[in-house]
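Here the structure is laid out as structure tokens; the discussion comes afterwards.
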Amino acid sequence: MPAPDCLQWPFFEPRHAALATALDAWAHAHLPHGEASDVDAACRQLVAQLGAGGWLQHAVAGDGAGAVLDTRALCLIRETLAWHNGLADFAFAMQGLGSGAISLAGNAAQRAHYLPRVAAGQAIAAFALSEPEAGSDVAAMACQGRWEGDALVIDGEKTWISNGGIADFYVVFVRSGDGAPEGATRGAKGITAVVVDATTPGLQIAERIEVVAPHPLARLRFAGCRVPRSQVLGAPGEGFKIAMRTLDVFRTSVAAAALGFARRALHEALARARSRRLFDGHLADLQLTQARLAQMATGIDAAALLTYRAAWQRDQGRGVTREAAMAKMTATETAQQVIDGAVQLWGGLGVTRGQVVESLYREIRALRIYEGATEVQQLIIARELLRDPVA
């Protein structure tokens, strides 16, 4: 969980510190140790546990048209869960990301139908944006939606979809042409966001994808998948804006998850340095070890400041595109370095299956890619700087 002194930073209110402390105690009592043999079943169980514990209420917007997501709460929860169990962090994050567009752009009926079940852990959500040729470049999307009467008929594929294969519904982004220039086949305009229930005819799980840190992941295929217009989020053609708004919220929370992994790695590195006897002393006595630990701790604090600045700023109602990109880039890259350092300090045991640092090494790698790779974050930051005439 966040270091106790961090919870006293002016970014937080007393309720945030209480939330982090309560979740840490719950996680100690409820979260399993080690990796699950059946990842799908483990995810379903974790979603149910997180819902029963009341934690998923923070992953969705509350009741009422003006309800908003508390970004600082999202980040504190992800940081704490990541410290304890990477799959638990994944389960929480995907309930938020998968339903985030409904929280931000759904009408009253859509919110009432989906969000309470997500918050209770009774429905698993997924966010279907990426495609085989449209990952970092969302505007290159090719999945098509055509209007037939009062329905949107979807054809195409989505891939790298987290919770693919176990989700109860998918928020899908398709190129419908609404509002796009005549004859346009790509670009940000003309993309529509729509909620597709997993049981909808024409939606197939084309392939399950295995990655280094096991998570439910799949490629989806849509073949004449007919979805009522009532399932469209916002107005037709506004999907790109909805996707970017959603990512602005949850990109900051990815940084928080990286912080959780990094803090756990530092915890394990300190324990190893203090206990490992070496050259008539301890590993911690070596100046090289001390220098490495100092760099790890400093990097974590720097990343935490950027992360919670972005979270606080969004909670003040301000734009965070640049700040979220800075936080995501810095926290994930720093966490990779910190975890690599922890593995090095653990030596041969550090690459042994079943050790915490070995698991963290596999967990962190994907965070530097998903929800915008580091190189994409650099482009976003530079674009925002160049757009600002006083920067």
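Bear in mind that the values in this text are calculations on the coordinates, not laboratory data. What you see is a predicted model; the values in this text were computed from it and never measured. Note that we place each Cβ from the backbone using ideal geometry, even for glycine, and neighbour counts take in every protein chain shown.
Please check the chain for the longest run free of GluC sites (Glu not before Pro) that are loop-located per DSSP (anything but H, G, I, E, B) and have at most 15 other Cβ atoms within 10 Å. By the stated rule (loop sites, at most 15 other Cβ atoms within 10 Å), 211-391.
Residue exposure proxy: THR199, THR307, THR71, ordered by other Cβ atoms within 10 angstrom of their Cβ from fewest to most, comes out as THR199, THR71, THR307.
Ignoring trypsin sites (Lys or Arg not before Pro) that are buried or in helix or strand per DSSP, and keeping those with at most 13 other beta carbon atoms within 10 Å, what is the longest stretch of the chain between them?
Working: sites that count: ARG318, ARG353.
For trypsin sites (Lys or Arg not before Pro) (loop position, at most 13 other Cβ atoms within 10 Å), the longest site-free span of the chain is 1-317.
Label the chain by shape, choosing from rounded, prolate and oblate, from the square roots a ≥ b ≥ c of the eigenvalues of the Cα gyration tensor; if a/c is under 1.5 it is rounded, and otherwise prolate applies when a/b is larger than b/c, oblate when it is not. Each step should come with its number before you reach the end.
Numbers: a/c = 1.82, a/b = 1.68, b/c = 1.08.
Cα axes put the chain in the prolate bin.
Every helix of 4 or more DSSP H residues in the chain counts as -39500 (n - 2.57), and over all residues that averages to -17000 deg cm²/dmol at 222 nm. What the Cβ-Cβ distance of GLN45 and TRP147 gives, at R0 = 30 Å and to the nearest 0.05, is a FRET efficiency of 0.15.
Please state, rounded to one decimal and in Å, the Kirkwood hydrodynamic radius that region 255-391 gives when every pair of distinct Cα atoms enters the mean of 1/r. Roughly 16.0 Å, rounded to one decimal. Among complete DSSP H helices in the chain, those whose alpha-carbon atoms stretch at least 27 Å along the helix's long axis and whose mean Kyte-Doolittle hydropathy reaches 0.5 are 86-105. Prolate is the label for region 326-391. Its Cα gyration tensor axes, ordered a ≥ b ≥ c, give a/c of at least 1.5 and a/b above b/c.
Based on the inverse mean of 1/r over its pairs of different Cα atoms, what is the Kirkwood hydrodynamic radius of region 229-302, in Å? Write down the numbers at each step before the final one.
Details: mean 1/r = 0.0634 Å⁻¹.
Averaging 1/r across every pair of different Cα atoms and inverting gives 15.8 Å.
Mind running the shape call on region 111-165? Use the C-alpha gyration tensor, a ≥ b ≥ c as the square roots of the eigenvalues: rounded below 1.5 for a/c, prolate if a/b tops b/c, oblate otherwise. Oblate shape, in that a/c is at least 1.5 and b/c is the bigger or equal ratio. The distance separating the Cα centre of region 1-48 from that of region 57-111 comes to 14 Å.
Counting only residues at least eight positions apart within a chain, or on another chain, the lysines with an alpha carbon under 18 Å from that of LYS241 are LYS189.
Computed over neighbours whose Cβ is under 12 Å from that of TRP83, the net charge equals -2, Lys and Arg +1, Asp and Glu -1.
Just the number, please: Stokes-Einstein D of region 50-153 in µm²/s, Kirkwood Rh from C-alpha pairs, 37 °C, 0.692 mPa s. Estimated via Stokes-Einstein, D reaches 217 µm²/s.
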